[in-house]
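For reference, the structure discussed in these notes is given below.
The values are calculated or read from the model by the stated rules, or taken from the named source; none is laboratory data. Small disclaimer: the values here were computed from a predicted structure and weren't measured. Ideal geometry is used to build each Cβ from the backbone, glycine not excepted, and the neighbour counts take in all protein chains shown. Heavy atoms of the whole protein, side chains included, go into the accessibility calculation; ligands, DNA and RNA do not. Shrake-Rupley method; radii C 1.70, N 1.55, O 1.52, S 1.80 Å.
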Amino acid sequence: MISQQQLKDRLHYNPDTGIFTWISRPHYNSRIQIGDLAGTHPDSRGYLRITLSGVRYYLHRLAWFYVTGRWPDDEIDHWNGVHGDNRFNNLRDVAPLINKQNQRKPQKNNATGLLGVTVCGKGFSARIGVNGKLRRIGTYSTKEVAHSAYLKAKRQLHPGCTI
């Protein structure tokens with residue numbers, strides 16, 4: 001693991017923009033110049049990463065370390081749900097359950113395209129996970145109404161929710 005001083009010797013982090021820039025050229029890549037943006041290629045989930053001394057780091061975790069001087073205890077959650085937005089005020093160190101409660105997009109295999117909503121016969125069912133159990137909110141005539149009911153329940157039952 002890199003030390004905070006080693007990190008600060010190589011990269012500058014602007015907590016207001018969430019952007020890292022190189023302040024020294026890495027020896028392994030002659031194309032990188034001082035002042036270039038660091039970690040500009042998102043992974044498949046939208047997270048920005050960088051390799052330092054042969055170790056790959058997520059920029060949101062580096063941002064936390066850069067500012068606080070300690071590695072996160074748990075997961076770094078992006079408050080607004082945008083994985084590439086690494087402004088410090090958009091990051092929080094939370095337990096995995098709280099991070100999951102801030103989920104904003106449905107799984108890729110969700111036929112309705114709406115978080116918390118599934119097709120149920122001729123209607124749409126809204127369900128939410130609480131304490132490891134799936135709770136039925138209700139069945140509705142449209143997916144939009146079901147989603148609205150889900151969001152209302154989510155705001156009440158998920159303390160990690162920022163929607």
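Consider region 1-19 and keep the residues that are touching a residue at least 60 places away in the same chain (Cβ under 8 Å) and either closer than 17 Å to residue 88 by Cβ or not in a loop (DSSP other than H, G, I, E, B) (or both). The one that is least open to solvent (accessible area, probe 1.4 Å) is 18. Scanning region 149-158 turns up no residue that is of a type in the set (Ser, Thr, Tyr) and at pLDDT 95 or above. When the residues of region 95-134 are filtered to those that are open to solvent by 60 Å² or more (accessible area, probe 1.4 Å) and touching a residue at least 40 places away in the same chain (Cβ under 8 Å), the one that is nearest to residue 152 (Cα to Cα) is 104. Scanning region 50-75 for residues that are over 19 Å from residue 100 (Cα atoms), of a type outside the set (Phe, Trp, Tyr) and at pLDDT 95 or above gives 59, 62, 63, 67, 68, 69, 70. For the structure I just gave you, tell me whether residue 92 is in contact (Cβ under 8 Å) with a residue 12 or more places away in the chain, buried (at least 18 other Cβ atoms within 10 Å of the Cβ), in a helix (DSSP H, G or I) and not small (Gly, Ala, Ser). Answer is no for this residue.
Quick grid of which residues meet (1) closer than 30 Å to residue 19 by Cα; (2) part of a loop (DSSP other than H, G, I, E, B); (3) touching a Ser or Thr at 6+ places or on another chain (Cβ under 9 Å):
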{"position": "80", "(1), (2), (3)": "yes, yes, yes"}
{"position": "85", "(1), (2), (3)": "yes, yes, no"}
{"position": "107", "(1), (2), (3)": "yes, yes, no"}
{"position": "113", "(1), (2), (3)": "no, yes, no"}
{"position": "137", "(1), (2), (3)": "no, no, yes"}
{"position": "153", "(1), (2), (3)": "no, no, no"}
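Scanning region 21-67 for residues that are free of Cβ contacts under 8 Å to residues at least 40 places away in the same chain, in a helix (DSSP H, G or I) and open to solvent by 60 Å² or more (accessible area, probe 1.4 Å) gives a single hit, 61.
Taken together, the criteria exclude residue 128 from residues that are over 28 Å from residue 47 (Cα atoms) and part of a strand (DSSP E or B).
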